[in-house]
Amino acid sequence: MGAIEEIRKFNLPEYREIPNVGLYLEQVAKYVTESLSPVISSPVTGSMISNYVKKKLVPNPVRKQYDRRQIVMIMFIVIMKMVMQIDDIKLLIDMVREEEDFDLETAYGKFVVDLKGVLGEVFGDGEYLEPLEAETADLVRLQRKMVIAVANKVYLDRYFLNLRNM
């Protein structure tokens, strides 16, 4: 399967599909790398994840094990790092944590749908996003813009990779 076809078929795992049994650092790095491989250009490492924990982007592991919520946060950070500075990602995560009605499972579900839809639009396979309502919250609009930036970055990376391989 070609790189473009891989991206067209790419789906982030659903929230409930992500392991919640407590994975060790290297297991998390491997899981995230495999889950995101069509859209990231280099593997996720244990030191990257440790850095996210050190910077308080991801809660500390419990007995050196990461749960589903932490893995979701790591996947989000890895994807957003493609187009954002780590300090801006931290600012965004801090803003979201202050939201009273924030629910990670719901937010991640919307992120999954948006990313799939935008990648479909950018790579031209007919997946389209529903327009946002006028009263849509600012954070939801911001997420959509970030996902659009990621999809365009993935497209450009793949385009130039194909040119270099010709």
*Ranked from highest to lowest mean number of other Cβ atoms within 10 Å per residue, what is the order of the peptides 146-152, 14-20, 80-86?*
146-152, 80-86, 14-20
_Just to be sure I follow: if Rg is taken over the C-alpha atoms of region 84-164 and Rh is the Kirkwood radius over the same atoms, what is Rg/Rh?_
1.02
*Beta carbons within 10 angstrom, averaged per residue: use that to sort the peptides 25-38, 89-102, 64-77, highest first.*
64-77, 25-38, 89-102
*Report the local net charge at Asp138: Lys and Arg +1, Asp and Glu -1, summed over other residues whose C-beta lies under 12 Å from its C-beta.*
+1
*Roll a 1.4 angstrom probe over the protein heavy atoms and tell me the percent of accessible area of the chain that is carbon or sulfur.*
52 percent
*Inter-label distance, nm, simple model (7 Å from Cα along the C-beta direction), Val62/Glu100*: 2.7 nm
*asked:* Among the complete DSSP H segments of the chain, which ones combine at least 20 Å of alpha-carbon extent along their axis with a mean Kyte-Doolittle hydropathy of -0.5 or more?
replied: 104-123, 138-164
*asked:* Accessible area per residue for the chain in Å², computed with a 1.4 Å probe and the full protein assembly in place, what is it?
replied: 59 Å²
*What FRET efficiency would be calculated for the residue pair Leu156, Gln85, taking the C-beta separation as r and a Förster radius of 22 Å, to the nearest 0.05?*
0.75
*At R0 = 22 Å, FRET efficiency that the Cβ-Cβ distance of Asp138 and Arg69 yields, to 0.05*: 0.40
*Classify region 66-116 as rounded, prolate or oblate, taking a ≥ b ≥ c as the square roots of the eigenvalues of its Cα gyration tensor: rounded when a/c is under 1.5, otherwise prolate if a/b is larger than b/c and oblate if not.*
rounded
*Using only the Cα atoms of the chain, what do you get for the radius of gyration and for Dmax, in Å?*
15.9, 51
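The values are calculated or read from the model by the stated rules, or taken from the named source; none is laboratory data. For clarity, every value in this text was computed on a predicted model and none was experimentally measured. Neighbour counts are summed over all protein chains in view; Cβ atoms, including those assigned to glycine, are modelled from backbone coordinates with ideal geometry. Protein only, heavy atoms only, side chains kept; ligands, DNA and RNA dropped before computing areas. Shrake-Rupley method; radii C 1.70, N 1.55, O 1.52, S 1.80 Å.
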